[in-house]
1. Let me confirm something: among Ser185, Ser267, which residue is under 23 Å from the mean Cα position of the chain (by Cα) and at positive phi?
2. Answer with yes or no whether Met43 is crowded, with 16+ Cβ neighbours inside 10 Å, of a type outside the set (Gly, Ala, Ser), more than 21 Å from Asp348 (Cβ to Cβ) and within 16 Å of the ligand (Cβ to nearest atom).
3. Could you count how many residues in segment 67-78 are surrounded by fewer than 22 Cβ atoms within 10 Å (Cβ to Cβ) and either under 22 Å from the mean Cα position of the chain (by Cα) or not charged (D, E, K, R) (or both)?
4. Across segment 196-246, what is the number of residues that are under 21 Å from Asn160 (Cβ atoms), within 22 Å of the chain's Cα centre (by Cα) and β-branched (Val, Ile, Thr)?
5. So which residues in segment 301-314 are part of a helix (DSSP H, G or I), more than 15 Å from the ligand (Cβ to nearest atom) and of a type in the set (Gly, Ala, Ser)?
6. With respect to Arg146, is the statement that it is touching a helix residue (DSSP H, G or I) at 6+ places or on another chain (Cβ under 6 Å) and modelled with pLDDT of 95 or more true?
7. Taking only pairs six or more apart or across chains, which ones have beta-carbon atoms under 6 Å, a first residue in segment 17-40 that is closer than 14 Å to Asp67 by Cα, and a second residue that is assigned to a helix (DSSP H, G or I)?
8. What's the number of the only condition in (1) near the ligand (Cβ under 7 Å from one of its atoms); (2) over 27 Å from Gln30 (Cα atoms) that Gln291 fails to meet?
Amino acid sequence: MSQQILILAGDGIGPEIMAAAERVLEKINQQFNLGLSWSHGLMGGCAIDAHGVPLPDVTLEAAQKADAILLGAVGGPKWDQIERSIRPERGLLKIRSALNLFANLRPAILYPQLADASSLKPEIVAGLDLLIVRELTGGIYFGQPRGIRELENGEKQGFNTDVYSESEIRRIARVAFDMARLRGSRVCSVDKANVLEVTELWKQTVTALQQSDYPDIELSHLYVDNAAMQLVKAPKQFDVMVTGNLFGDILSDEAAMLTGSIGMLPSASLDEHGKGMYEPCHGSAPDIAGQNIANPLATILSVAMMLRYTFKAEAAAKAIEAAVGKVLDQGLRTGDIMSAGMTRVGTDAMGDAVVAALG
Ligand code: NAD
């Protein structure tokens, strides 16, 4: 039976960038005879409009059957005021949790052609190749109890719970150590162990796993505030960074911005068996939706990650990454990565250029 992909284009620029990525997927599927087939579903604001909920059962069932999910982006101002429990972002949290996609891989790679796009000096960022491994289904985003309660004096109080068990810490640390073995063999674990007990356990557990199972990997630890500073001061010191859900959310966006454009960065969220959801790091960019100006490369590079991690088609993944390098060499740029002397193109044209570069 062929391998199945569920495509969820989502909201805002989602349908535009996904259309470009789908053309790349069609081409690579033929070229490498991958035997992939795919179908489409609704998640996010578009699902709220059609079904009243951000993750309809029919979408969740299709996602459970699929081998991989390719997601555009969800959300937008249209759904910002609706009841919190059915907002688009809840669909995202629910699908990650239902599919047990606990490991979020976010590479921050600076293409040499785009070194000027970074707000940091080129010598500090040129050649940056960092992987952030973020725990995605635990921690404070899911911990109970949570809510907003009224105190005896009538004042309201918001509260959340940050919680990690040893097994949750071990499985995400294992992903980070395994990834480091394929790269520079260094892992930096980020915590706030001086203040938060939950991250004191995090630090102890990661250290014990390294000592027992990964003596070949160099492990270091940073408090999250220092990690945030080091990322802008000397980002190239890092190989793999591993951290919990909340810190990872913030640090991975910071790392993304080091590269100058969030429109270039893919991500993967994996379960224990290699099934994954692949999506660009950016959101639905409602400010530029429907104008054919969004950068589709992060979504196209997410297709490459999908081929690499779920379908084990390394050569096809590399071919897509090389094709992206080729269009950048040709001087083609969407508005977000535009610089003097380059040729500005729209979403469709950028997608077509990658298809053409595949040969
Ligand atoms: P955003 O990433 O959508 O946009 C931030 C800025 O980057 C905007 O100026 C946007 O125009 C620009 N940008 C983003 N992607 C781009 C691309 N591919 N090409 C060119 N420019 C691009 O973040 P935001 O504005 O904070 O959020 C907008 C909506 O997206 C919100 O509803 C938010 O909840 C949602 N969101 C969804 C996801 C997701 O689906 N995984 C992630 C983050 C935010």
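The values are calculated or read from the model by the stated rules, or taken from the named source; none is laboratory data. All values derive from a computational prediction rather than experimental measurement. Methodologically, a virtual Cβ is constructed for each residue, glycine included, from the backbone with ideal geometry; neighbour enumeration extends over all protein chains shown.
1. Numbers: Ser267 fails: at positive phi.
After ruling out the rest, the residue left standing is Ser185.
2. Numbers: crowded, with 16+ Cβ neighbours inside 10 Å: yes; of a type outside the set (Gly, Ala, Ser): yes; more than 21 Å from Asp348 (Cβ to Cβ): yes; within 16 Å of the ligand (Cβ to nearest atom): yes.
Spelling it out, Met43 is indeed crowded, with 16+ Cβ neighbours inside 10 Å, of a type outside the set (Gly, Ala, Ser), more than 21 Å from Asp348 (Cβ to Cβ) and within 16 Å of the ligand (Cβ to nearest atom).
3. Going through segment 67-78, the residues surrounded by fewer than 22 Cβ atoms within 10 Å (Cβ to Cβ) turn out to be 67, 77-78.
Now restrict to residues that are either under 22 Å from the mean Cα position of the chain (by Cα) or not charged (D, E, K, R) (or both): 67, 77.
Residues that pass the stated criteria total 2.
4. Selection size over segment 196-246: 2.
5. Looking only at segment 301-314, we keep the residues that are part of a helix (DSSP H, G or I), and these are 301-309, 314.
This time we only want the ones that are more than 15 Å from the ligand (Cβ to nearest atom), so: 304, 306-309, 314.
Answer for segment 301-314, where residues must be part of a helix (DSSP H, G or I), more than 15 Å from the ligand (Cβ to nearest atom) and of a type in the set (Gly, Ala, Ser): just Ala304.
6. On the way: touching a helix residue (DSSP H, G or I) at 6+ places or on another chain (Cβ under 6 Å): no; modelled with pLDDT of 95 or more: yes.
No.
7. Close Cβ pairs (under 6 Å, with a partner that is assigned to a helix (DSSP H, G or I)) amount to Leu36/Asn29.
8. Unmet for Gln291, out of (1) near the ligand (Cβ under 7 Å from one of its atoms); (2) over 27 Å from Gln30 (Cα atoms): (1).
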